[in-house]
Each structure stands twice: as C-alpha cells, then as structure tokens.
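The values are calculated or read from the model by the stated rules, or taken from the named source; none is laboratory data. Predicted, not measured: the structure shown is a model, and the values here were computed from it. Positions of Cβ are generated from backbone atoms using ideal geometry, with glycine treated the same way; all protein chains shown enter the neighbour counts. We work out accessible area using only protein heavy atoms, side chains counted, and drop any ligands, DNA or RNA first. Shrake-Rupley method; radii C 1.70, N 1.55, O 1.52, S 1.80 Å.
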Amino acid sequence: MATIADVAKEAKVSVATVSRVLNNQDLVRPETAERVYDAIEKLSYKPNILARNFRKNESRVILILAPNITNPYYSHILTGIGDVANEIEYSALIFNTGDDPKREKKGMEMLKKKRADGAILLASSLGCDWLLEYAQEYPVVQCSEYDDKVDISHVAIDNYKAAQDVMEYLIDLGHKRIATISSQNNYISTSLRLKGYKDTLHKHGIKNPNDYIVFSTGDYSFKSGKRAAAQLLQLKSRPTAIFCISDRVALGAISQAKEMGVRVPEDLTIIGFDDVEDTMMFHPYITTVAQPCYEIGRRAAYMLYGQMTKQKITQKELLLKHELIIRESSAPIGKRD
C-alpha cells in the first residue's frame, strides 16, 4: 500500500508539499499540485482520513438524535439526512434516545468529546432551552420538532395550518361531531395540531364535549390508537369523524372500529397524519396529511452543513409544504347522523 512518502518521491516533492495539496492549501503552485495528483492516481494512494481529521480537529461525523427509529415516520427523514451526508463526505451516526431527555443530553455530549461535528435532533420537546449551551458552541439543527421560544435553526411543516386544513375538509363533508386522538408528549407538533383542531371548531361555532379529545401514547403506538378509538366509540353521542395525530394511531383506530362493527368510512371517517407507507397496506386506504419527510431530512442536513462550514446563516426557520391526501377512509356525513 502506497504511503505519502511514496507519493512525494514519485512527484519529486517533499512530504510537506503533498500534505499541503491534500489539505487544499493555496501555497502550492498549480503545476506542482498537478504532479502530486498524478502521483496519487498512479499509486492509488488513499490518505489516512481519520488521522487527517484528527489533526484538523474534525470527526467528519453528523450526529442524529432520534427518539424511536422503529417509527416509519422517521425512516424517510433519516434517508434524506444520510443521502446529504454521503454527498458531503460525512458519516451519519444515529443515537437512539428512546425519547428520554437524559439520553438526549448524553448524546449531545458527543459534540464536546469531538466525536461529531454537528447534531440534528429529530424530536426536541418544548422547553429545550438547555440545548442553547450546545448550539452556541456547535452546529445544531432541530428537525421536525422544535421549540419556537429557543433560538435554534429548525426545519418542519406548518402543523397548525395542516390541522386546520384537515378540520375544514371534515366540516365541508358535513361533519360536526369531530373527535381527535392527540398524544401524551410535549412536542410542538402535538400542541399545534390540537390548537388547529380547537380553533377551527370555534371558528365554525361547533361545540363538542371535552371527551371528544383523547390521547394516544407519546410514541403514537398502534395499540394506543385502538384504546383511544374504543374510548370514543363507546360514547353515547359517538363522533362521526376522528382526526388522528399520526397514521399509526389512525391504523389502530380503524382496526378498533372494525372490531366494534363500525364501518369506515360509511359510519365513521378517520384521518391520519404523516402519510407513511402503511396507510395503503390495506383497505380502506387512509386519508392523511403528507409530510415531505425525505426533503425535511435533506434540508436539515444542508442547514447543518452550512453551519459547519461557517456559511452566513440567513434563514433559521424553514417550513416546508404539506399536502392533504384524500383516500378511502373519509366520506361525507351519512343521512343517519
């Protein structure tokens, strides 16, 4: 295997000159640099990237803090980040936090230990001002979830507007008894979707009982979607539509409705959120809000790269477009209402 000394000998230059060429320094004449590149190609020399990064105080690693990598919502975001990391010749390291703040802080300590050059957080909870300690020293981007009161760059969608779009659609279909299955977590997306639900009902003068708002677990599990739907469908004044905070919750709600003999969409409209692949695995295909997850991941990675390369930051908030996808699980209110 060729060494840097072999390259220097072949190019008839010093080892220091080869090093300067490899580090893109402008102190080498173009014709000399060309001889070095020719020698590198001839000898198939591969520089010791790890050693070079150590000398430059770089790890060439992007840290990704994810709460639950088994959730299909995150898969396309991770793919987007990974593709950009590959483009810019970085490695992507996924640190699974289990949605545990202590583990999240442990993961962020990797920046201080120089094991990563920057971090992308996929599920920061509200009240995450502790992150400022890291964001002031290291490149940090919040992806999908963020705290609007903490000055850290972030990429997401407009969850409030997305919830309003769902509610306006349901009301246009004639539904008034509209319930929602929210989530027991402290994410801004959860807060904004619930606010969009409530505000749209208020706008149209629709007053529903408090028990029309129920909660799934913080990780949006299928089972908790079933339990929440059962709670709603056992009410004396059963809702005619349910707006679910995620597609996994919506899948659980549809399963529970079927077990209780409630037809979707003939007796009950169910709408999800995210547009994961599971929404079209069986009928009825789920009406849902599509998030551009892959693009969210890509934009977050580019935003982080801009910080790592000391580019001038002109945009700290980026909200990408969502889309309401109409499928089989929603229908106009029936005559029996």
Among the numbered conditions (1) touching a helix residue (DSSP H, G or I) at 6+ places or on another chain (Cβ under 6 Å); (2) open to solvent by 30 Å² or more (accessible area, probe 1.4 Å); (3) at pLDDT 95 or above, tell me where residue 223 comes up short. (1)
If you go through 88, 120, the only one that is in contact (Cβ under 8 Å) with a residue 60 or more places away in the chain, in contact with a Leu (Cβ under 8 Å, 6 or more places away or on another chain) and of a type in the set (Val, Ile, Thr) is 120
If I filter the stretch 289-316 down to residues being modelled with pLDDT of 90 or more and open to solvent by 50 Å² or more (accessible area, probe 1.4 Å), which single residue comes out as farthest from the chain's Cα centre (by Cα)? 305
So which of 171, 181, 245, 188 is of a type in the set (Val, Ile, Thr), touching a residue at least 12 places away in the same chain (Cβ under 8 Å), crowded, with 16+ Cβ neighbours inside 10 Å and farther than 21 Å from residue 276 by Cα? 171
Criterion: of a type outside the set (Ser, Thr, Tyr), in a strand (DSSP E or B) and crowded, with 21+ Cβ neighbours inside 10 Å - qualifying residue of 123, 163, 119: 119
Go through the stretch 258-288 residue by residue and tally those that are small (Gly, Ala, Ser), surrounded by fewer than 22 Cβ atoms within 10 Å (Cβ to Cβ) and under 11 Å from residue 326 (Cα atoms). 0
Taking the stretch 130-160 as the region of interest, how many residues are in a helix (DSSP H, G or I) and free of Cβ contacts under 8 Å to residues at least 24 places away in the same chain? 4
Among (1) surrounded by 14 or more Cβ atoms within 10 Å (Cβ to Cβ); (2) more than 18 Å from the chain's Cα centre (by Cα), where does residue 112 come up short? (1)
